[in-house]
Amino acid sequence: MKKIFLLALVFWLIIPLHSIAQEEEEEDLLGMLEDSQDPVTNYTIATFKNTKLVSGNSIETNGKGVLQFMIQHRFGTLNSGWRDLWGLDNATIRLGLEYGLTDHLNIGFGRSSFQKTYDGMVKWRFLRQKSGAENFPFTATAISSIYLNSSEFADMERENYFTSRLSYHHALLLAKKFGDKFSLQLMPTIVHTNLVPETIDQNTIFAMGAGTSIKLTGSVRLNLEYYYLLPDQVFSQDLTNSLSIGFDIETGGHVFQLHVTNSRGMTEQFLVGNTTGSWDDGDIFFGFNISRVFNIGEK
Amino acid sequence: MKNLKFVLILFIIGNTVQAQKYMTQNGTISFFSSTPVEDIEAVNNQVSAVLNAESGQIASVLLLKAFNFEKALMQEHFNEKYVESEKFPKSTFKGEILDYENLTVGESPTNVTIKGKLTIHGVTQEIEVQGTLSSKQSVMNLIFDFDVDVADYDIEIPGPVKEKIAKTIKVKANFTMNKV
């Protein structure tokens, strides 16, 4: 009797022990692998969908060997009435190419029908938001552009210089992605125009930009872009601050961006230094960007 | 009574003896998606795997962000939209080689069947894969391939790219594991 009891006790002890040991062994293998793995650095990806937030640049760059072709389009103002079909008759367009020399260094070229302007740019993402083995809280990109206004000079009588056609913009783009749904960007910006309309206008003007992107679904985002022009810099024109609201719709290698904005121009030069539309008065331009990437170089 | 105690102690000791293990930190897993529109291939050369040579148990871990694609944008979409690497950074496999005790593993590859649990995108599925196992000195080489139905792992492929991404992805693994 005693023996049977003991035997039962032993079995009762051994059987669970055995199965526990087995389970632990299985758990162990995965645990062992995880322990042996060196911590890795996790770089934040897809802070924004495109290299453009709406009209201005985002921190994003094209990967090495990637050529991006972009068509940007702004119709006339929505308040221009039925005769212009609420703006459809007065479109401006910018065609642009951007190319990734490296994953972090891009060059670009474009041409806007607005003021017949050619532009060239260099964009360098020099800090990246990352977590894990290495940590850094935000991504930083520097961008510099040069613009050439090829339209006829306003005053043909005076002596006009080639350099009078040029203007520049430099900006620091700082962005942080919070979780996987929300991104915020700040962009302190300088625009320098060699020839300004009146001598009382500043050649170099300062603006502070801010933008956000909210992920609505995997392929759709809502973007906001705002440039605040610091006061007492431009007097000859009644400038307003640029405010744009847009959607990104992504389909594989294409990104479609649809937006409404009070800026007619599609580069920082115009966003900061040439926005005259007022949201209150209905000077709102409907527009879109179409972006397509091609892999032409070695990765 | 004494005997029973002895058996019990032996049993406990037996369980705690370290089993012989083979391991790698740079195993390869590649996958292929083939449609009439586009072929997509990605390779991960930083896969960790371990094999318990006594029991035939096997485990493997990989980081989804370590998959390299031909096109940078594909890699971004894969991580951001499909497998959601921020939320589910790792994919794991835990299983065992079936009928392991009756296998003789030598220099020429032996056919094996592995059964286990594969976790991708936070979803775990029971799978059975076919492969080969060979050993040479202190190295074990395990090669296998299997198919993954993306729908089984709650991975949604949006309409516009449905024609470009296959519903069934072919996966190949090659682990060259060293004795530890």
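Please verify whether region A:279-292 includes one or more residues that are crowded, with 24+ Cβ neighbours inside 10 Å and part of a helix (DSSP H, G or I).
The answer is no; no qualifying residue exists.
Filter region A:211-232 for residues that are loosely packed, with under 15 Cβ neighbours inside 10 Å and within 22 Å of A:G273 (Cβ to Cβ) and give the result.
A:L230, A:P231, A:D232
Looking for something in contact with a Ser or Thr (Cβ under 7 Å, 6 or more places away or on another chain) and modelled with pLDDT of 95 or more - is there at least one such residue anywhere in region A:73-89?
The answer is no; no qualifying residue exists.
Answer yes or no as to whether B:A49 is facing chain A (nearest Cβ under 8 Å), within 30 Å of A:T41 (Cα to Cα), in contact with an Asp or Glu (Cβ under 8 Å, 6 or more places away or on another chain) and not in a loop (DSSP other than H, G, I, E, B). Don't jump to the end; show me each part of the working.
Numbers: facing chain A (nearest Cβ under 8 Å): yes; within 30 Å of A:T41 (Cα to Cα): yes; in contact with an Asp or Glu (Cβ under 8 Å, 6 or more places away or on another chain): no; not in a loop (DSSP other than H, G, I, E, B): yes.
Spelling it out, it is not the case that B:A49 is facing chain A (nearest Cβ under 8 Å), within 30 Å of A:T41 (Cα to Cα), in contact with an Asp or Glu (Cβ under 8 Å, 6 or more places away or on another chain) and not in a loop (DSSP other than H, G, I, E, B).
Being farther than 18 Å from B:F32 by Cβ, hydrophobic (A, V, I, L, M, F, W, C) and in contact with an Asp or Glu (Cβ under 7 Å, 6 or more places away or on another chain) is the requirement here; does B:V123 meet it?
For B:V123, the condition - farther than 18 Å from B:F32 by Cβ, hydrophobic (A, V, I, L, M, F, W, C) and in contact with an Asp or Glu (Cβ under 7 Å, 6 or more places away or on another chain) - is met.
Could you grab me the full set of residues in region B:1-37 that are at pLDDT 90 or above and within 9 Å of chain A (Cβ to nearest Cβ)?
Once the filter is applied, which keeps residues that are at pLDDT 90 or above and within 9 Å of chain A (Cβ to nearest Cβ), region B:1-37 yields B:K21, B:M23, B:Q25.
Here's a check for you: in region A:248-259, which residue that is more than 14 Å from chain B (Cβ to nearest Cβ) and buried (at least 17 other Cβ atoms within 10 Å of the Cβ) is nearest to A:N90 (Cα to Cα)? Give the steps one after another, and end with the answer.
Let us first name the residues in region A:248-259 that are more than 14 Å from chain B (Cβ to nearest Cβ), namely A:257-259.
Going one step further and asking which of them are buried (at least 17 other Cβ atoms within 10 Å of the Cβ), we end up with A:257, A:259.
On the way: A:Q257: 19, A:H259: 16 Å.
Out of the qualifying residues, it is A:H259.
Do the conditions hold for B:S108, that is, is it outside any helix (DSSP H, G or I), more than 14 Å from chain A (Cβ to nearest Cβ) and within 19 Å of B:G27 (Cα to Cα)?
no
Which one of the conditions (1) touching a Pro at 6+ places or on another chain (Cβ under 7 Å); (2) free of Cβ contacts under 8 Å to residues at least 40 places away in the same chain; (3) hydroxyl-bearing (S, T, Y) does A:S151 fail to meet, given that it meets all the rest?
Checking A:S151 against (1) touching a Pro at 6+ places or on another chain (Cβ under 7 Å); (2) free of Cβ contacts under 8 Å to residues at least 40 places away in the same chain; (3) hydroxyl-bearing (S, T, Y), the one that fails is (1).
Would you confirm whether any residue within region A:210-222 is closer than 30 Å to A:A154 by Cα, in the same structural domain as A:T139 (by TED's automatic domain parsing) and not in a loop (DSSP other than H, G, I, E, B)?
No: zero hits.
Identify the single condition in (1) at pLDDT 95 or above; (2) closer than 30 Å to B:E80 by Cα; (3) more than 16 Å from the chain's Cα centre (by Cα) that A:I190 does not satisfy, given that it satisfies every other one.
A:I190 satisfies every listed condition except (2).
Those residues that are away from chain B (no Cβ under 14 Å) and either at pLDDT below 95 or under 10 Å from the mean Cα position of the chain (by Cα) (or both), I need them from region A:170-183; list them, please.
Across region A:170-183, the qualifying residues are A:L173, A:A175.
State the number of residues belonging to region B:52-90 that are more than 9 Å from chain A (Cβ to nearest Cβ) and either crowded, with 21+ Cβ neighbours inside 10 Å or under 19 Å from A:K215 (Cβ atoms) (or both).
So the count comes out to 6.
Does region A:270-278 contain any residue that is more than 16 Å from A:G76 (Cα to Cα), at pLDDT 90 or above and surrounded by fewer than 19 Cβ atoms within 10 Å (Cβ to Cβ)?
There is no residue in region A:270-278 that is more than 16 Å from A:G76 (Cα to Cα), at pLDDT 90 or above and surrounded by fewer than 19 Cβ atoms within 10 Å (Cβ to Cβ).
Scan region B:91-98 and give yes if some residue there is under 24 Å from B:N26 (Cβ atoms), among the acidic types (D, E) and surrounded by 14 or more Cβ atoms within 10 Å (Cβ to Cβ), otherwise no.
If we filter region B:91-98 for residues that are under 24 Å from B:N26 (Cβ atoms), which is where we start, we get B:91-97.
Within this subset, residues satisfying the condition of being among the acidic types (D, E) are B:96.
After this cut, where a residue has to be surrounded by 14 or more Cβ atoms within 10 Å (Cβ to Cβ) as well, the list is B:96.
Within region B:91-98, one or more residues are under 24 Å from B:N26 (Cβ atoms), among the acidic types (D, E) and surrounded by 14 or more Cβ atoms within 10 Å (Cβ to Cβ).
Output the residues belonging to region B:47-58 that are within 17 Å of B:P89 (Cβ to Cβ) and free of Cβ contacts under 8 Å to residues at least 40 places away in the same chain.
Narrowing region B:47-58 to residues within 17 Å of B:P89 (Cβ to Cβ): B:47-48.
The answer is B:S48, and nothing else.
The values are calculated or read from the model by the stated rules, or taken from the named source; none is laboratory data. Here the structure is a predicted model, which is why all the values come from computation and not from measurement. Glycine gets a Cβ as well: all are built from the backbone with ideal geometry, and neighbour counts include every protein chain shown.
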